[in-house]
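Step one of this worksheet: look at the structure below.
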Amino acid sequence: MHKYLLAIPFVFSSAAIAVEPCPFKKWDTYQGVSLLKEPGKGAYLFASTEVKVDADGAPNAYHPDDIGLNCKTGTGFKGLDCPANGGYPNSDWWRSAIAPDPKNNNKAYVQTKGDFKGFFVSRTSLVDKTKTDLDTTKYVDSRSVPYLVFPGKFYSKAGTGHLGDFGYALNIQSGKASPFIVAEVGPPSAHLGEMSIFLGNALGGNNPNPRTGAGVPKGKTIYVVFPSSKNSPTWPVNTVEMDSKVALLLDGIGGVEQLKSCAEPL
């Protein structure tokens, strides 16, 4: 498991460069959200005030005893989220969020050992291909990794990038910032702004709750994504590598202050 330190705003050499008007130009929209792209380059921006938190990838995301409990008002939850939010057991897509039992594909696999014995195995779209499907370390842990979720239709749009691509998020209201990795593809028509628990905390949230939505960061957050920036292999990536790579990518677009100049156009 790769642990990440709480991200703080970086200091870049580009800070000494005079900030010019936002170089990013109108590219497209997604569900009413403006997408701006830097001419001649692949980096693009969007902003959102809507935040949802995703528990996927955490080994304690879902527990079978939570089946049937009301996701928002229920009490006594063992998992970080309720199985219904992972589609289990009544959807036709739950196997993309929870690993099925290899002995019975119609049931979710329950961990039989370790610190989270009794929990389901929660999956992410981005994986360590060297690990088996029932190994919780195969997936990107929402508790300890800053990741972003792309809606299915957004992910399939040309130019938005790939799993494993890097980005940077800046909460204008709190001033909190963090690098991130694209680790999840969500429902086709979901909204932009869904993220891991770790990223929610890094952007100024207070113990974000994936079930109820409590504790998520407030205010406008700007996201810059760098398509085709992924590593090979795409996962795992350690914190030092992520931080240094995103710092270089940000310098290439003028740094954090240049990013702030795009807040108004968004």
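The values are calculated or read from the model by the stated rules, or taken from the named source; none is laboratory data. Given the structure is predicted, the values throughout are model-derived calculations rather than measurements. Neighbour counts run over all protein chains shown; Cβ positions are idealised from the backbone, glycine included. For accessibility, only protein heavy atoms count, side chains too; no ligands or nucleic acids. Shrake-Rupley method; radii C 1.70, N 1.55, O 1.52, S 1.80 Å.
Annotations for the structure displayed:
- Relative contact order of the range 76-195, pairs being alpha-carbon contacts under 8 Å that are 6 or more residues apart, as %: 19
- The overall shape of the chain is prolate: from the C-alpha gyration tensor, with semi-axes ordered a ≥ b ≥ c, the ratio a/c is 1.5 or greater and a/b exceeds b/c.
- In the chain, Cα pairs under 8 Å separated by at least six residues give a relative contact order of 26 percent.
- Amide H partners (placed H, <5 Å) of D28, local residues excluded: L35
- With a threshold of 32 Å on the Cα-Cα distance, the over-threshold entries among K220/K245; K72/K131; K52/K129; K103/K157; K25/K72; K52/K103 are K72/K131; K103/K157; K25/K72; K52/K103.
- In the full protein context, the chain carries 46 Å² of accessible surface per residue, based on a 1.4 Å probe and ignoring ligands, DNA and RNA.
- Computing FRET efficiency as 1/(1 + (r/R0)^6) for L134 and N207, where r is the C-beta to C-beta distance and R0 is 22 Å, gives about 0.15.
- The stretch between V19 and S232, if pulled fully straight at 0.36 nm per residue, gains 73.3 nm over its current Cα-Cα span.
- Shape call, the range 25-99: gyration tensor on alpha carbons, a/c limit 1.5: prolate
- The range 164-225 versus the range 109-138: alpha-carbon centroid distance in Å: 23
- Normalised by the number of residues in the range 192-266, the mean separation of alpha-carbon contacts (under 8 Å, six or more apart) gives a relative contact order of 15 percent.
- For the range 50-159, the fraction of 1.4 Å probe accessible surface lying on carbon and sulfur atoms is 49 percent.
- With the highest mean first, a sort of the peptides 43-54, 106-117 on other beta-carbon atoms found within 10 angstrom per residue produces 43-54, 106-117.
- Once backbone amide H atoms are built at 1.01 Å from N, A108 has D101 as its partners under 5 Å, excluding neighbours fewer than 5 places away on the same chain.
- Rounded to 10°, Cα long-axis angle of helix 239-251 versus longest principal axis of the chain: 30
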